[in-house]
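Only one structure is covered here, and it is reproduced in the block below.
What follows draws every value from the coordinates through simple rules; no lab data is involved. Values in this document were obtained by computation on a predicted structure and should not be read as measured data. Don't worry about glycine lacking a Cβ; one is built from the backbone with ideal geometry, like all the others, and counts go over all protein chains shown.
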Amino acid sequence: MALRCCLNLILFSMCLCYAQFLCSSPIPEELSQIPLNFLQYAKSPEVFDWMVDIRRKIHENPELGFEEFETSKLVRAELDRLGISYEYPVAITGVVGFIGTGNPPFVAIRADMDALALQEGVAWEHKSKVPGKMHACGHDAHVAMLLGAAKILVEHRHLIQGTLVLVFQPAEEGGGGAKKMLETGVLNNVDAIFGAHVSAKYPFGMVISRPGPILAASGFFEAVISGKGGHAALPHHTFDPILAASNIIISLQQLISRETDPLDSQVVTVAKFQGGDAFNVIPDSVTIGGTFRAFSKESFIQLKHRIVEVITKQANVQRCNATVEFNEDQKPFFPVTLNDQDLYEHFRAVAGDMLGSKNVLDMQPLMGAEDFAFYCEAFPGFFYFVGMKNETVGKFEPGHSPYYIVNEDVIPYGAALQASIATRYLLEYSPKSTSTKGYSRDEL
Ligand SMILES: *[C@@H]1O[C@H](CO)[C@@H](O)[C@H](O)[C@H]1NC(C)=O
Ligand SMILES: *[C@@H]1O[C@H](CO)[C@@H](O)[C@H](O)[C@H]1NC(C)=O
Ligand SMILES: [Zn+2]
Ligand SMILES: [Zn+2]
């Protein structure tokens, strides 16, 4: 008797919940229509041309990390025109816009704004006008996509249940702009964040990602190896730092080949080697530098520890001394970019509704790094690639090439994807999912 009573109560409350769900949420067919409607709107000539124009303006005037003053000004002017309120400055040039009720849940979508110190090699009408600087990673397109998403969202304001946070961040390329944005506290309320990156590797019309670790943790090191210079014909009067540095580089490679589990991907690369000016003089010192990568915090810390040990001790073998710097204030360590499992499922559903599920692909993790990782440490995050390769449009070189091009057809896709993933997240949001993450937000 008591049991049946209880059961009735449970059944009754389940019905109640179900009824409430029906009242407050759109039906599945309505939900699956959202991405298609958003894409159609973003592809309309008026919206498309506006976004392409923004992208070209930014492309012509590339700015390096934490110097994105004109880009930031352009972003704010467009947000003003759209009637979107924002906070500025956040981390020097960053802008954070808000659309919706101002109440939870808060879902963020992010664009990075910085260019690279690179001379553009592409001859076209909107080539970079700044010598030695170029948007060669598609961040110009990302800004246009996020402004496009903002326009879509303003147009479809009635669908927003909660608050959309538009994150225009500085200095993704090594400067750790995301870390600085988080430190200001302006993103403290965020429940989830989505980041999109255009990809020259994957075909136009496809999106690519994976759950769990997608990009590596990364750090940089620089070492000075000091010996005693002298006449090249009298090596026994010197402590040769060139030989010491050479042995150090060989030993560093053995960290991966002999000390690392072959199934735990890691990288140590020495990319800089500077020492000596003459054929007949052994120099006093040599400077080497490079990067190291890993897919877990434990492996990353162990690798860092051994890099210091190998460099200093191997230098001693050749009677030299070495100092190792990680220059974390200029080049902060990036954590692993860790995609949340629930957000991955959500992404698959929404992107599948827009592009067809056969165009939503899984990928292997990459050894590249993204400062989006800092957001993933602070709250559930999800990062994905939007394919743009179309050989009819041109030859697609990988990011950071002076011949890098953007297929501008990708811009409405990126805008509509970000807008619909975020809108649907708010509509389908259930506060239950506090996903477990392998990282706490500490020194890494
Ligand atoms: C290395 O450091 C030791 C201890 O400080 C010092 O005695 C020695 O002279 C140094 N050697 C070189 C080559 O700088
Ligand atoms: C590739 O680009 C050409 C020229 O712009 C276009 O006609 C074609 O439809 C594009 N292909 C895809 C798959 O979008
Ligand atoms: Zn890049
Ligand atoms: Zn990039």
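Using a ≥ b ≥ c from the Cα gyration tensor of segment 289-444 (square roots of the eigenvalues), is it rounded, prolate or oblate, where a/c under 1.5 gives rounded and otherwise the larger of a/b and b/c decides, a/b for prolate? Walk me through the numbers on the way to the answer.
Numbers: a/c = 3.18, a/b = 1.62, b/c = 1.97.
Here segment 289-444 falls in the oblate category.
Which of rounded, prolate or oblate describes the chain when judged by the alpha-carbon gyration tensor and an a/c cut-off of 1.5?
prolate
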Note to self: Pick from H236, H59, H400 the residue whose mean-square fluctuation is largest in a GNM of the chain, springs joining Cα atoms under 10 Å.
What the structure shows: H236
Next item on the list: Would you mind computing, in nm to one decimal, how far apart the modelled labels at F98 and E70 are, each placed 7 Å from Cα along Cα→Cβ?
Entry: 3.2 nm
Item checked: Sparsely packed GluC sites (Glu not before Pro) within segment 362-392, loop by DSSP, other Cβ within 10 Å at most 12 -> E391
Checklist line | For segment 217-325: span of alpha carbons on each principal axis (Å, largest first) | finding: 46, 21, 19
Checklist line | Two-site label geometry, Q341 and E298: point separation in nm, points 7 Å out along Cα→Cβ | finding: 1.9 nm
Check: Restricting attention to segment 261-336, which trypsin sites (Lys or Arg not before Pro) occupy a DSSP loop and are surrounded by at most 16 other Cβ atoms within 10 Å?
Finding: R319
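Can you give the local net charge around Y403? Use residues other than it whose beta-carbon is closer than 15 angstrom to its beta-carbon, Lys and Arg +1, Asp and Glu -1. Kindly include the intermediate steps, with their values, before the conclusion.
On the way: positive: K127, K201, K389, K395; negative: E120, E391, E397.
Neighbourhood net charge equals +1.
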Margin query: Antiparallel versus total DSSP beta bridges in the chain: what percent is that, nearest 5?
Written below: 65 percent
Check: Ordered by residue, what ³J(HN,Hα) values in Hz, to whole numbers, does segment 35-43 give under the Karplus form 6.51 cos²θ - 1.76 cosθ + 1.60, where θ = phi - 60° and Gly and Pro are x?
Finding: x, 5, 4, 4, 5, 4, 5, 5, 7
Checklist line | Residue-averaged [θ]222 nm for the chain, counting only DSSP H segments that reach four residues, each worth -39500 (n - 2.57) | finding: -13000 deg cm²/dmol
Notebook entry, point to check: Taking only Cα atoms, what is the 0 to 90° angle, nearest 10, from helix 297-317's long axis to the longest principal axis of the chain?
Noted result: 10 degrees
Notebook entry, point to check: With charges set only on the Cβ (+1 for Lys and Arg, -1 for Asp and Glu), what does the dipole of the chain come to about its Cα centre, in debye to the nearest 20?
Noted result: 560 debye
Checklist line | Net charge contributed by nearby residues that have their C-beta within less than 15 Å of V130 (K/R +1, D/E -1) | finding: -3
Checklist line | Charge context of A178, other residues only, Cβ under 9 angstrom, K/R +1, D/E -1 | finding: -1
Next item on the list: Please arrange I249, I311 by counting, for each residue, the other beta carbons lying within 10 Å of its beta carbon, fewest first.
Entry: I249, I311
Next item on the list: Starting from segment 36-137, pick out the trypsin sites (Lys or Arg not before Pro) whose DSSP state is loop and whose Cβ has at most 15 other Cβ atoms within 10 Å.
Entry: K127, K129
Item checked: Sequence-distant residues sharing a close amide H with V336 (under 5 Å, placed H) -> A217
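Tell me whether segment 346-398 comes out rounded, prolate or oblate; compute the Cα gyration tensor, take square roots of the eigenvalues as a ≥ b ≥ c, and use a/c under 1.5 as the rounded threshold. Display every interim value, and only then the final one.
On the way: a/c = 2.58, a/b = 1.27, b/c = 2.04.
Here segment 346-398 falls in the oblate category.
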Margin query: For the pairs K57/K297; K201/K272; K228/K304, flag any whose C-alpha to C-alpha distance is greater than 32 Å.
Written below: K57/K297
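For T184, T238, T423, what's the fewest-to-most ordering of other Cβ within 10 Å of each Cβ? Don't skip to the end; give the middle numbers.
On the way: T184 14, T238 20, T423 27.
With the sparsest Cβ surroundings first, the list reads T184, T238, T423.
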